[in-house]
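The values are calculated or read from the model by the stated rules, or taken from the named source; none is laboratory data. Since this is a predicted model, take the numbers as computed values, not measurements. Glycine gets a Cβ as well: all are built from the backbone with ideal geometry, and neighbour counts include every protein chain shown. Please note that ligands, DNA and RNA were not included when accessible areas were found on the heavy atoms of the full protein model with its side chains. Shrake-Rupley method; radii C 1.70, N 1.55, O 1.52, S 1.80 Å.
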Amino acid sequence: MKFAYYPGCSLKGTALEYEKSLIKVCKDIDIELLEIEDWNCCGATPAHQVNKYLAIALPARNIIKAEKMGLSLVTPCAACFSRIRFASHYLKDNRWREILLSVLGEEYAGNLESKHLLQIFIEEQIQQKIKEKILKPLSGLKVACYYGCLLLRPPEVASFDDPEHPTAMETLVHLLGGEVVEWNFYNECCGASFALSNPQAMENLVYKILLDATFSGANCFMVACPLCHSNLDTRQVQVNKHFKKHFSLPVFYFTQLVGLALGYPPKELGLYSHLTNPMGVLER
Amino acid sequence: MELLFETAKLKFTRIINQLAENSVEKCYLCGKCTAGCPMAYEMDIQIHQIMRFLKLGEEKVLLKSRAIWQCVGCQTCSSRCPKEVDPASFVDALRVYATLTKQKASERAVEQFNYIFLEIIRHLGRIYEVGLVGLLNIFYMQPFRDIALAPKMVIGGKLNFIPHKIKGSKEIKRIFLACEELAQKDLKAKKELIEKEFQTTF
Amino acid sequence: MPGIGVFVCWCGSNIASTVDVERVVEEVSKLRDVSFVTHYKYMCSSPGQNIIKEAIQNSKLEGVVVAACSPRMHELTFRKAAKEAGLNPYLLEMANIREQCSWVHSDKKIATEKAIQLIRMSVAKVTKNLPLEEIKVSVIHRALVIGGGIAGIQSALDLAEAGIETLLLERTPSIGGHMAQLDETFPTLDCSQCILTPKMVSVAQNPHITLHTYSELEKVDGFVGNFRVTIKHKARFVDEKKCTGCGLCQQKCPTQIPAEFDEGIGKRKAIYIPFPQAVPNIPVIDKEHCIWFKKGKCRVCEKVCPAGAINYEQQDEYITEEVGAIIVATGYRLMPKNVYGEYGYGRFKDVINGLEFERMLSASGPTSGKVLRPSDGKEPKVVVFIQCAGSRDPRKGVPYCSRICCMYTAKHSMLLKHKCPGVKAIVFYIDIRAGGKGYEEFVRRAEEEEGATFIRGRVSRIYQKGNKLIVKGVDTLTGSQLEVEADLVVLATAIMPQEDAKELAQKLGISYDEYGFFTEAHPKLRPVETSKAGVFLAGCAQAPKDIPDVVAQASGAASKVLALFSNKELVREPIIAKVDEVNCVGCFACEKSCPAQAITRKEIRDKSGNLIKEVAKVEPGVCQGCGACVVTCRGGCIRLEGFSDEQLFAEVNVL
């Protein structure tokens, strides 16, 4: 399987372990990723709050590049996934395609299919490939699968799994031999960009998530979004301080867990870059 | 609070409807949006009340509120609304309107965040995380916020101190300019049309 | 030369203010075929009709044109008048110079010209009209009622009281419907089964009612007054004539399955009657779960039956009956469980719907009238009721209001209080709809006297925390999010038509809306009739409603059937299609195009009895006069009486 790969800004910076792990793992399971040349930021949250045209034009530049490559687009970041799908959704309308033509100077045929990396991983043939190559099943890991918001909502745009009761990550965990934990906050917001602009609110939301996961017996998280990872991983210390708790739940990207099951050592998957130490859980 | 109902105020409702590409009239104020909103505890006006004020055309109340800047964009309301009113897009529309008409937000943190984020993209084409945090801290007048996280992140290789400028950065600048112009033109056209409509019907 | 009389009406100022009536009369009198013209202020009034009658007799008119309002208003009136004066009523046409002229134009000159043209056209048509005789169709005085709930029961009893032979068809093993599942009914809090079972027993004992339970409608042929219905009698595997209803078989049967009557909360055996007061009191073997049918072992019921009534060899039986009218009373079902993922309905055991709650409240129910949490069987302390779970939701549910839920939830909160005095009832509502007699007072009583808490707002999400359910709702009136820790949640799910309502409608040939509710002939004025003559509606199959309205509608449908049966013969308009048998080649394209299934095949034989050809024949009683066959016929062999090609071309040519 070949895809036009849109990493998103954070994968090159604070979420570099996500990229590290996904590159290794994708190669093993025959997912070929061709990085889009000179891609630009999708605009993330600020663009659609400030200017609708910008919110469509910024992802559109990448959409057109992917279309020219003749491949479907895949991205590992949930926010980029959401913005690209929003833009594609709007661009189905002729009116918006004309506006885009005037802004970007380029035409878009309207046919690009865009997916999130997790969607690819749970496709039948990829699941099969993963199964074949498992060396170390993830026994002992009690995973709270955390989806966050933009992977699932709005359902008409994301078209990925049941927004109220998703099962994609659980399927993956079962495949890898881990244990899935039944919990409630799997699709409640982590606070996203409020980590910088409204940190108190973010702490509140992260606290609720950590509390429910711990209460349900989980010992780690599985995520598919760099911002969710950042909020759950880097902010545990301040949440502990603020709420006088002792949470210590490592946060894994799903590609890292696949990598571990495939036998890669933690270092190669960037696990040492995490702020909440995953080693304790992994020893078991 | 005392409100005066004026038909002229409904022009604002119409503009926001058009910016959101939806109809607030569909909303029957069941409150399911507020019931699931993660930020409801902090908002001065709840999301269903924002829809109510919007139906009455209360521009001042809405643009002065902190609530429209406290929405985190989780789309929980939009995915559960039985009438497909999409409250999240209405909050976006209100912010867009505030930005286009240069009305200052009462909750400045998010506005400043948006501004800095987009400025960085305008210049570089991609986000420069270290720069974002640095500039934000200066704007917020908290230069040492999150400094405790820095050492671990540097060791983990997560912080790129050198910004990356994409080759097409000129193109990005052009896009920004074009979009700004389009948005202003569009708002002006919409306002004129609604003005005419209100003159003939009322 | 034929003499046509033209009568121009002023209709007060409705026509006269835009059409110059006197000028019209002047112009029309110049027409060649017209031998008499006059005008009057209100042609439809008694003196107006008399003018027409006198003119017919005195001037020996051969045809009449009344230029007035739409034929839908008074064609019948004028035709009757013509008949009384001795003129065949189908030699009368109306020129619509009101709805199609004076009401839609403002320029007097143009309107008058148009009125003259319209009258010229009608005159030209009438010269080609042929006298037609009304069609008489015999009516079979037997009725079929489909559905054995309160609607079907009421209709059947009303018909039987009038002496009409009635067949009552019910697909579950017993009549009673959803009303038999209820505990108490609003607003009187009467015990539901106590008021229903006397009616059920009356049905069983009434000599005019033939009960067909565990039976379904297979096919319907025919037309009003003469329906031929095929009924499938599903095999009970119990001989109805031998069974004494002793119940031993049910006691001894080893298999236990969730009971449909108890909405899955209680259990039943593989051989079962749905509830103790079932009518008829004859059990049924559920083939899907019976050990003998699945694995070839057991047969305990057969061994213990003292009457030897068990018969595993029984087959489904098909019976054909002839009836004159059909009443459809198939009722409703509740919205299925999986629609609202956010409420966890189907995943969390303690989230249930209204009917499941009723079964718990019922003293003869699976929990003997105790309200218990399905998960652990303990009594709840806090019960949350959620209104509009499925209704008023164009996105995931249905956009309409299910009408009865506000009332039954208020009832539930009160019954809960009566059974478990220490329990708190919380109701999340959006609007309270209580528009019946004593209904508003009933709802207020729930809050004011029985201590229920009403919160205005919808619930966003429910999740499980330990053994409690956390309900995340909102109080829109104070403008705050509201969380409730509940032990049990009851959803007032939407009322929907039966799952196979659309198939049934197609079998019967009646129309239905996008949800599957059967469509009434006119939303305001004809609530119990359908677009198909002879088929009537009663109950929730037409739209959600409460029991008083169901009973009223059921009696209304029965009265329509009685009106239909009040004559030995049915008179129908002769505006129907007629086949020219000489030229018809028997391609039967018309048969396929007829929406009323009115075309049959007729054999044409010579004097020795040899078959020459088969031609199409239009059944006069069924044909609706739509003209589809006329257009389809490639040879032009079908004409529509009253609208033949000659008549229509005459109209057009004179323009």
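Going residue by residue through segment C:335-349, is there one that turns out to be part of a strand (DSSP E or B) and either farther than 25 Å from C:LYS378 by Cα or open to solvent by less than 10 Å² (accessible area, probe 1.4 Å) (or both)? Spell out how you get there, then give the answer.
Here is the first cut: in segment C:335-349, the residues part of a strand (DSSP E or B) are C:345, C:348.
Subset that is either farther than 25 Å from C:LYS378 by Cα or open to solvent by less than 10 Å² (accessible area, probe 1.4 Å) (or both): none.
Scanning segment C:335-349 turns up no residue that is part of a strand (DSSP E or B) and either farther than 25 Å from C:LYS378 by Cα or open to solvent by less than 10 Å² (accessible area, probe 1.4 Å) (or both).
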Item to check | Subset tally (residues that are on the phi > 0 side of the Ramachandran plot and facing chain B (nearest Cβ under 8 Å)) for segment C:450-482 | outcome: 2
Checklist entry - Exactly one of (1) touching a residue at least 60 places away in the same chain (Cβ under 8 Å); (2) outside any helix (DSSP H, G or I) is unmet by A:ILE209. Its number? => result (2)
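Out of A:GLU179, A:GLU132, A:GLU124, I need the residue that is in contact with a strand residue (DSSP E or B) (Cβ under 7 Å, 6 or more places away or on another chain), over 24 Å from A:GLY8 (Cβ atoms) and open to solvent by 40 Å² or more (accessible area, probe 1.4 Å). Which one?
Details: A:GLU132 fails: in contact with a strand residue (DSSP E or B) (Cβ under 7 Å, 6 or more places away or on another chain); A:GLU124 fails: in contact with a strand residue (DSSP E or B) (Cβ under 7 Å, 6 or more places away or on another chain).
So the residue among A:GLU179, A:GLU132, A:GLU124 that is in contact with a strand residue (DSSP E or B) (Cβ under 7 Å, 6 or more places away or on another chain), over 24 Å from A:GLY8 (Cβ atoms) and open to solvent by 40 Å² or more (accessible area, probe 1.4 Å) is A:GLU179.
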Item to check | Residue list for segment C:11-48, restricted to those being crowded, with 19+ Cβ neighbours inside 10 Å and within 44 Å of the chain's Cα centre (by Cα) | outcome: C:CYS11, C:ILE15, C:THR18, C:VAL19, C:TYR40, C:MET43, C:GLY48
Next on the checklist: Looking at segment C:543-561, can you tell me whether even one residue there is of a type in the set (Val, Ile, Thr), touching a Leu at 6+ places or on another chain (Cβ under 7 Å), farther than 30 Å from C:LEU91 by Cα and open to solvent by less than 40 Å² (accessible area, probe 1.4 Å)?
Outcome noted: yes
Checklist entry - Which number in (1) more than 14 Å from chain C (Cβ to nearest Cβ); (2) free of Cβ contacts under 8 Å to residues at least 60 places away in the same chain marks the one condition that B:GLN70 misses? => result (1)
Checklist entry - Which one is farthest from the other protein chains (Cβ to nearest Cβ) among residues in segment A:213-257 that are of a type in the set (D, E, K, R) and on the phi < 0 side of the Ramachandran plot? => result A:LYS245
Item to check | Looking only at segment C:388-411, and only at residues there that are facing another protein chain (nearest Cβ under 10 Å) and touching a strand residue (DSSP E or B) at 6+ places or on another chain (Cβ under 6 Å), the one that is least open to solvent (accessible area, probe 1.4 Å) | outcome: C:GLY390
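Among C:VAL615, C:VAL585, C:VAL622, which is the only one that is farther than 30 Å from C:PRO89 by Cα and surrounded by 15 or more Cβ atoms within 10 Å (Cβ to Cβ)?
Working: C:VAL585 fails: surrounded by 15 or more Cβ atoms within 10 Å (Cβ to Cβ); C:VAL622 fails: farther than 30 Å from C:PRO89 by Cα.
Among C:VAL615, C:VAL585, C:VAL622, only C:VAL615 is farther than 30 Å from C:PRO89 by Cα and surrounded by 15 or more Cβ atoms within 10 Å (Cβ to Cβ).
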Checklist outcome for this item: Output for Cβ contacts, cut-off 6 Å, separation at least six or different chains, first residue outside any strand (DSSP E or B) in segment C:481-498, second surrounded by fewer than 21 Cβ atoms within 10 Å (Cβ to Cβ) and of a type in the set (A, V, I, L, M), reads C:ASP487/C:VAL382; C:ALA494/C:VAL398
Checklist entry - Any chance segment B:178-193 includes a residue that's at the interface with chain A (Cβ under 8 Å from one of its Cβ atoms) and either in contact with a Gly (Cβ under 7 Å, 6 or more places away or on another chain) or surrounded by fewer than 15 Cβ atoms within 10 Å (Cβ to Cβ) (or both)? => result no
Checklist outcome for this item: Of the residues in segment B:134-148, those that are surrounded by fewer than 18 Cβ atoms within 10 Å (Cβ to Cβ), of a type in the set (A, V, I, L, M) and either in contact with a Leu (Cβ under 6 Å, 6 or more places away or on another chain) or facing chain A (nearest Cβ under 10 Å) (or both) number 1
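Looking only at segment B:168-177, count every residue that is surrounded by 13 or more Cβ atoms within 10 Å (Cβ to Cβ) and closer than 15 Å to A:ALA47 by Cα and tell me the total. Lay out the reasoning, then the answer.
So the first thing to find is which residues in segment B:168-177 are surrounded by 13 or more Cβ atoms within 10 Å (Cβ to Cβ), and the list is B:168-169, B:171-176.
From the residues that got through so far, the ones that are closer than 15 Å to A:ALA47 by Cα too are B:172-173, B:175-176.
Number of matching residues: 4.
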Checklist entry - (1) at pLDDT 90 or above; (2) more than 8 Å from every other protein chain (Cβ to nearest Cβ): which one isn't true of A:ASP161, the others all being true? => result (1)
Item to check | Among (1) of a type in the set (Val, Ile, Thr); (2) open to solvent by less than 40 Å² (accessible area, probe 1.4 Å); (3) modelled with pLDDT of 95 or more, the one test that C:THR519 misses | outcome: (2)
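Only one residue in B:ALA40, B:ALA35 is closer than 30 Å to C:SER391 by Cβ, within 7 Å of chain C (Cβ to nearest Cβ), free of Cβ contacts under 8 Å to residues at least 40 places away in the same chain and part of a helix (DSSP H, G or I). Which one? I'd like the intermediate steps shown before the answer.
Details: B:ALA40 fails: part of a helix (DSSP H, G or I).
Residue meeting the stated conditions: B:ALA35.
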Checklist entry - Just for segment B:48-62: of the residues that are away from chain C (no Cβ under 14 Å) and within 26 Å of C:SER460 (Cα to Cα), which one is most open to solvent (accessible area, probe 1.4 Å)? => result B:LEU56
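Can you name every one of the helices (runs of 4 or more DSSP H) wholly within segment B:62-175 that holds 3 or more residues which are among the polar types (S, T, N, Q)? Working first, answer last.
Values: elements: B:76-80, B:87-100, B:108-124, B:129-139, B:150-155.
Fully inside segment B:62-175 and qualifying: B:76-80.
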Item to check | Scope segment C:596-612; condition free of Cβ contacts under 8 Å to residues at least 40 places away in the same chain and open to solvent by 50 Å² or more (accessible area, probe 1.4 Å); matching residues | outcome: C:ARG601, C:LYS602, C:GLU603, C:ARG605, C:ASP606, C:LYS607, C:SER608, C:ASN610, C:LEU611, C:ILE612
Next on the checklist: From the list B:VAL130, B:VAL96, exactly one residue is at the interface with another protein chain (Cβ under 9 Å from one of its Cβ atoms), of a type in the set (Val, Ile, Thr) and over 19 Å from A:LEU227 (Cβ atoms). Which is it?
Outcome noted: B:VAL96
Checklist entry - Just wondering, is there one or more residues in segment C:525-537 that are without any contact (Cβ under 8 Å) to a residue 24 or more places away in the chain, charged (D, E, K, R) and over 27 Å from C:GLU263 (Cβ atoms)? => result yes
Next on the checklist: Among the residues that make up segment C:626-639, is at least one of them touching a residue at least 60 places away in the same chain (Cβ under 8 Å) and either in the same structural domain as C:GLU184 (by TED's automatic domain parsing) or touching a strand residue (DSSP E or B) at 6+ places or on another chain (Cβ under 9 Å) (or both)?
Outcome noted: yes
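Which is over 25 Å from A:GLY148 (Cα atoms) and among the hydrophobic types (A, V, I, L, M, F, W, C), of B:ALA109, B:ALA88, B:ALA93, B:ALA105? Full working, then the answer.
On the way: B:ALA109 fails: over 25 Å from A:GLY148 (Cα atoms); B:ALA88 fails: over 25 Å from A:GLY148 (Cα atoms); B:ALA93 fails: over 25 Å from A:GLY148 (Cα atoms).
Among B:ALA109, B:ALA88, B:ALA93, B:ALA105, only B:ALA105 is over 25 Å from A:GLY148 (Cα atoms) and among the hydrophobic types (A, V, I, L, M, F, W, C).
List the strands (runs of 3 or more DSSP E) inside segment C:217-311, counting only whole elements, that have at least 1 residues being open to solvent by less than 30 Å² (accessible area, probe 1.4 Å) and closer than 30 Å to C:GLY534 by Cβ.
On the way: elements: C:226-233, C:256-258, C:267-269.
The strands (runs of 3 or more DSSP E) meeting that bar are C:226-233.
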Checklist outcome for this item: Given the conditions (1) out of contact with any Leu (no Cβ under 6 Å at 6 or more places or on another chain); (2) within 17 Å of A:PHE194 (Cβ to Cβ); (3) facing chain A (nearest Cβ under 7 Å), every one holds for B:GLU107 apart from (3)
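Is at least one residue of segment A:251-260 open to solvent by 10 Å² or more (accessible area, probe 1.4 Å) and either part of a helix (DSSP H, G or I) or basic (Lys, Arg) (or both)? Talk me through it step by step, then tell me what you get.
To start, the set of residues in segment A:251-260 that are open to solvent by 10 Å² or more (accessible area, probe 1.4 Å) comprises A:260.
Among the residues that remain, those that are also either part of a helix (DSSP H, G or I) or basic (Lys, Arg) (or both) are: A:260.
Looking for residues that are open to solvent by 10 Å² or more (accessible area, probe 1.4 Å) and either part of a helix (DSSP H, G or I) or basic (Lys, Arg) (or both), one finds at least one in segment A:251-260, hence yes.
With C:GLU113, C:GLU99, C:GLU93 as the choices, which residue is buried (at least 23 other Cβ atoms within 10 Å of the Cβ) and not in a loop (DSSP other than H, G, I, E, B)? Lay out the reasoning, then the answer.
Working: C:GLU113 fails: buried (at least 23 other Cβ atoms within 10 Å of the Cβ); C:GLU99 fails: buried (at least 23 other Cβ atoms within 10 Å of the Cβ).
Every option except C:GLU93 fails the conditions.
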